1. Would you mind checking the radius of gyration and Dmax of the range A:19-91 based on alpha-carbon positions, in Å?
2. What is the extension gain from A:Lys165 to A:Thr488, computed as 0.36 nm multiplied by their sequence separation minus the C-alpha to C-alpha distance, in nm to one decimal?
3. Let me confirm one metric for peptide B:347-354, namely the mean number of other chain beta-carbon atoms within 10 Å of its residues' beta-carbons.
4. Summing Lys, Arg as +1 and Asp, Glu as -1, what charge do residues with Cβ under 10 Å from the Cβ of B:Lys97 carry, B:Lys97 excluded?
5. Can you give the FRET efficiency to the nearest 0.05 for B:Lys321 and B:Lys206, using r as the Cβ-Cβ distance and R₀ = 35 Å?
6. So if the hydrodynamic radius of chain B is defined as the Kirkwood radius over C-alpha pairs, what does Stokes-Einstein give as its diffusion coefficient at 37 °C and 0.692 mPa s, in µm² per second?
7. List the accessible area buried at the contact between B and A, summed over both sides and calculated with a 1.4 Å probe, in Å² to the nearest 100.
8. With 5 Å bins from zero, work out the P(r) of the range B:197-302 over every alpha carbon pair and list the percent per bin.
Amino acid sequence: MDEIKNKNKNKNNNIPFPYVYYQCTCQVVSKIRKDIYFSTFQFPLKEPVESEINSTTISHFPPTHFNHHRLKSIYDLFFCPSCCELHCPDCVKNDFLCFYCPNCLFDVPQASVVSEQNRCIRNCFECPICFNVLTVISQQDTINTTATDDEQTVYFLACNVCQWKSLEINLSFDKSTGLYLQLQKKESILPHEVEFQNLRNHYDKCLRSNNNMNNINTKRLSALFGNTSSFLYSPSIISHIPDLKTKLIQAKRDNNQISDEYNNSSENKDTQVMEDELEMINLKNLENMDELTSLKQKLNQPEDQPRYLKQLRIHRIPLRVKLQTKCDKCEKILVKQEVQKMKKPSNIRFSIKSFARDYIPNIFIQKIIPNNKLHKDIPVQVLLKFVNPLSQEISVSISTLPNKQNEDKMDIDMDSKKNSPIITPKFSSRKSSLNLSPILSPILSPKKRKKPSLKISTAPIIPINPTTTTKIKNPYKENAGVATCNVTVLAKSFKIPAYDPTKEFENDTESNEQNQVGIFEKKKNSVSIIVEVRPTGDIGDRVEFPILVTYSFVNNEKEVNNETPISPNYAELSHGVQKFVSFWSVIGIGEISKECFD
Amino acid sequence: MSDMSVKDLLHQTALNQLSNKRTTAYGIDQKIIIDIGSLYIKFGLSGEASPRQCLPNRIYENIEHCPEGVLVEGDIKPLYQLVLNPFEIPEIYERFKEQVKLIFYRFMMSDYKHKRKVLIAENLLLPLELKNMIAAVLFEYMNVPSIIFAPSQLLAITSVGKKTGLVVDCGYLETTVLPISDYGCLLHSIKTMPCAGQDISNNLKKLIIENASISFDDGKIFPFSKYPNYSDEILTNYIIEDIKASVCFVGLKPDSTEIIYDEKTHHISYRSSASEIGYPIENRRIKILIPGWVRERAAEILFDEERNEASVISLIIDSIKSTPTDIRKSLLQNILLIGGTSMLPGFCYRVSQELKERLKEDHLENLVKEVTIIRSKFPANTATWIGGSILGSLKYEGQEVTLQQWNETHKVPDWSNYSILNEEENQI
Ligand SMILES: Nc1ncnc2c1ncn2[C@@H]1O[C@H](COP(=O)(O)OP(=O)(O)O)[C@@H](O)[C@H]1O
Ligand SMILES: [Mg+2]
Ligand SMILES: [Zn+2]
Ligand SMILES: [Zn+2]
Ligand SMILES: [Zn+2]
Ligand SMILES: [Zn+2]
């Protein structure tokens, strides 16, 4: 049972060390919305919050408690060149490029996708027991056909994984091709389908017979007072279907030939109860579970959710989609695969791609010195390598969250470099979150909390009076991460040269310029900085820390070259304008282990 | 009409005007019909005879691979609970968003370009926050052109072609009884108790831990209670749901000789002729031996008035008693059981038998012979969806909220909410 395995995996749903993960912009948006919700108990609209997103607001929302589920590897992230923002699969718009069968790879046109219930119309069927692909087998091989002739070959479907055969449900075919058509002919219409059509026709007739009687006044009147005065009406407009009711009652009056009672054939009134009693007795005397279906098998056949294996039917394989990915905000296409009919899906080519790795500084853990186990209070040096994928030089500035002991130091950092705006993270995301003003406010004391600057429409009903909500536990507050290390970065800002494809194969030549404090080395389009990490947590704690990266560049390319994907253009940026982009990343280097003295 | 205040009447008029103003002519474009339960979301296209899926609300471990890749499924987990901590709404929002992503992209293959309207089977008692949350996800994330809300019990009754009946919905979180007369929901007579599938699940789990044994493939058998640490690992929500849907059933009302009360532990057990069943786990190497009486009596809490102050039967009786006498007969002639829990074999039989007994005790003998449970061709947990599919495929005009209205007001209408109305009135 896979479920048990899954559960175990769930428990340590943590990214293996070492890693560098990134926080997508949409996490900032949802954190802001969450905070507004918690302070006003009204869920704010997405757009006004989104429009507040810039490198400053981002700096206020570090990834708290490292919700690993929502952090992303750089390979899962997109970058919208128009909005200059990170996007992840959670915050993009998708639309369909093509539909195909994962088994036969046949490309299905959109029209038949709908009419065929999103399933393959060729010979692809899934096993009703284990959901793998069924294969066609001819009976000839297995049965000695001396008496009858080889004309009598019978085909059936079998599962190579669980050995189920369609013969178990008395299903076989005369030909090995066109199975779906053969199946359609063989399968009688299921009772629920007949019933559904009857019901539909019944209601259709009722509504139709009254179509020209669509008088608003009659409708309103009857909806208000009811046509028979014998029953109560609630003050609800949704407690009845005004239109349907009017029409049906009208239909009855105007046209007595059409009855508005649905005739459910001539069934004994106690059939339902008797059938149920029988079923109950069967189950009471059940010997084992061999004949019974699992929940998954039941749910795979929602039309009757059978209890016994012999009631399962085979189903065609569900189709899959290829998507095109657009920016949620500006609808710019971020990823588009080239669709080549009947080509192997492994052969993916992209006609458009805006992956984050081609736009933002790529961060790698180059080395951890010393590369031993981590111990409490014994500092290690982490060499973080920043690689610039752009064909422009970029300026990078780094901030970290305040360390436990020296919380007050952080504000000083802000003034140390006047020319490049280093954005210092505010101490607690909870505090800062309420301030959405795009201007960096230097003081942010809890007393000076401002109301959110967003326009929020008043919600109709507030479930629990906000004044009494102090009693309600806010589960998020407790999750706020406990720092397990102190982090010191000396090189808080540096420049990374442009990526130059022509220099790709040149030897590494260390630049002669004087190395800045805290910078380990500079090579081509990369800079490695030294980060000192002192674990402060307990044994077994994960040592991971967020850093805020802000980079800026000036678009000095006059010509825009659309074709080379590795040199993404910032067409939407005017020439010569400096642009700042911020994002949080989380660096994980390991677990604190037991101290050992040897 | 005495039941209705003048104020209510005024509201009713204005709301109807409003709804008429909003209604537009429908084409026969297929709509997406969604019944959002706490445990299962049923969805599909209007005009189809069955939902495409009954999708359990579960945790996915790699939802970012949706919709193109292969998903790793975690355990089932209800989307929301009856008692709603407002701090949980953002989390529910995220989870529902994931489900919607799966439903639209993976299963329905319908993106925002299709402009398909969505019909939602509305639980009348669903907190407005959740209704707003549902609308927020569908409008913001999927950009659906409009959402139509229809009361789920009303949809269910159309799935059997009736216009009058007593709808008993026994789902995952709660059991509700609502009489419907000529397509009108008698909201004053709605009766509900917070006891349904989830409580059976919890009870079943407890009974298994206390009474079942584990048999290993080498023939050794140990009581389950010896492995207290395993219980959560083995008895996941999925396993419990699976056990319930495959081997549990509802026996007839136990008489006093069948009930065994343990003075020391205060545990109740039952005598039962039902067979013990070995439920295989871990690739059939281990079996959980579930006593017959546990299979038969796990659902007893639904009928236990002493413990819950209500039972399925008492809800029905209370509801019937609060309706006008002249419609009681037709209500009892048309009892419709919906919701997954009512699919337990024996549920229908038990309700029918016990209801007749109670009617007799309550001096309503004349109604006993009327008790009839409607036979449906559709599984009880999809009844609501089926009704939505029928009405969604016809020229049915319901309560509709368009994307534009949402963007302007960020609200969904609700029968308990008149603020929208007031705003609109001010504008006029
Ligand atoms: N075939 C079945 N037999 C017994 N119980 C079932 C069956 N299918 C579903 N259930 C139970 O029904 C409950 C869910 O019912 P449903 O009406 O879908 O709830 P909701 O709408 O609240 O999500 C679950 O507790 C589940 O165990
Ligand atoms: Mg339900
Ligand atoms: Zn995102
Ligand atoms: Zn195929
Ligand atoms: Zn199989
Ligand atoms: Zn964009």
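The values are calculated or read from the model by the stated rules, or taken from the named source; none is laboratory data. Predicted model, so just to flag it, every value in this text is computed and none were measured. Cβ coordinates were reconstructed from backbone atoms using ideal geometry, including for glycine residues, and neighbour counts include every protein chain displayed. Surface accessibility is based on the protein's heavy atoms, side chains included, excluding ligands, DNA and RNA. Shrake-Rupley method; radii C 1.70, N 1.55, O 1.52, S 1.80 Å.
1. Radius of gyration, then largest Cα-Cα span, for the range A:19-91: 12.4, 37 Å.
2. Length gained, A:Lys165 through A:Thr488: 109.8 nm.
3. Mean number of neighbouring Cβ atoms from other chains: 4.
4. Taking every other residue near B:Lys97 into account, the sum is -2.
5. 0.55
6. Values: Rh = 23.4 Å.
Stokes-Einstein gives a translational diffusion coefficient of 140 µm²/s.
7. Interface between B and A: roughly 12600 Å².
8. Histogram of Cα-Cα distances, whole percents per bin: 2, 12, 24, 25, 20, 11, 5, 1, 0.
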